[in-house]
Amino acid sequence: MQARDAAQALLDAKGTVFKLKIAAVVSVVLVLSVLFLGLVVALGGNAGAAGCGDRGRPGVIPPSGDDSEGQPQKPGTGYLKQAQIENAKTIDGVAKEGGLSGRATLIALMTALQESTLLNLDYGDRDSVGLFQQRPVAGWGTKEQIMQPKYAAKMFFWGGDDGDPPGLTDIRGWETMQYGQAAQAVQRSAYPDLYDQHEAYARELAREGGIDLDRRGTGGTTPPGSSGNPGQPGGDDCKNGGEKPGEPGAPFHDGKAPWPSEVKNPRSTQDAIAWAREEARTGGNKWYRMCLAFTAVTYGWNSSGTGFAIDHYQQMPASMKHDKDRNPPPGALMFWDTGQRAGHVAVYLGNGEIASNDIKRPGYIDVVPATEIETKWGATYLGWAPPYYPNGG
């Protein structure tokens, strides 16, 4: 009986040793599998890693030389921080050229860190690309343009020439906003609270790149040739006559620019001005939030053919748009960004006055100083254009 028990004990011991060996082998295989998967992720890289990975990885070697502008930087093949610093210096160079402060640079760096890990990516959510993940379909430019870091930075700071999309300097009070709040005002992200987390690292990159974030601005004007929208002239100069636009709130004065030959309306300019004044004197309250319709009817059309005032200005030929020029000829259409989708348009009557709905009495037309759209509504003046209704009917 004892012999059988001893034999059974020996078999049990061997079985236990065998099970332990199997368990050890399985453990080694699991560890090797995890290490292998980690190596694959580190080498492969992807959009998620680029946006959410730990700082310093995945890395990327930035292109160099004259042909590097606009080339995508692919995560997973080099040293991330080197590329981030070079891109940060590019962004800061654009800010300095335009007279913006170091605060503007910091906001831009925090934004780009959140959007692209401060890499010039040629992919993103839907059609988003570049340092700031700007979308061609949203009016930031073509993909080729957005992939140029200098262009992308100029668009972030100054936006489109007509104020849509708005850049940082189009945001009222951006200089005193919280950094993340200012970034969100430009980017309109679904995750507005994520920008502030990048402040410390943005400052670190700035220090290592020799960027002065305490630099004061020198005016914040758009640098020459930094036009926002593709194919449109840049700068703040009036397109016809070479006059400089006045400051916001400054008086408007009568200009003398003639209408282009394409501008043809059922009602003449002189008759349109007279009709608008009469509507202000005797008309009813049918114009509530119908500023664009009012201007079209003023010129003898039944409708403008466009849904919103902002869209009407954007769709004007570039040669007809006089961005921020405060010298409109009598009869011109004047446009404002009100912070809402539609915007606002009014008919300039001359002597600094406009015919506008809703400014004194909701639904009615009144003759008021053109400056009241800025001073009473806090709107941003975009510019003027001739009374052109290519889709009017």
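Exposure check, 1.4 Å probe, all protein chains in place: Trp287 carries approximately 10 Å² of accessible surface. For His198, the solvent-accessible surface with a 1.4 Å probe is about 30 Å², rounded to the nearest 10. Measure up Lys321/Lys376; Lys89/Lys150; Lys256/Lys376; Lys89/Lys154; Lys264/Lys286 against 18 Å on the Cα-Cα distance and list the ones that go over. Violating the 18 Å Cα-Cα cut-off are Lys321/Lys376; Lys256/Lys376; Lys264/Lys286. Within the assembled protein chains, the solvent-accessible surface assigned to Glu278 is about 80 Å², based on a 1.4 Å probe. Summing +1 for each Lys or Arg and -1 for each Asp or Glu among the other residues whose beta-carbon sits under 11 angstrom from that of Ile310 gives -3. Heavy-atom accessible area with a 1.4 Å probe sorts Thr111, Thr117, Thr282, largest first, into Thr282, Thr117, Thr111. Length available on full extension from Gln270 to Arg289: 0.36 nm per residue minus the Cα-Cα distance, which gives 4.3 nm.
The modelled label-to-label distance between Gln82 and Asp125, using points 7 Å beyond Cα along the C-beta direction, is 3.2 nm.
The values are calculated or read from the model by the stated rules, or taken from the named source; none is laboratory data. What you see is a predicted model; the values in this text were computed from it and never measured. Positions of Cβ are backbone-derived with ideal geometry, glycine not excepted, and every protein chain shown enters the neighbour counts. When the accessible area is computed, the model is the full protein with side chains, heavy atoms only, and any ligands, DNA or RNA have been set aside. Shrake-Rupley method; radii C 1.70, N 1.55, O 1.52, S 1.80 Å.
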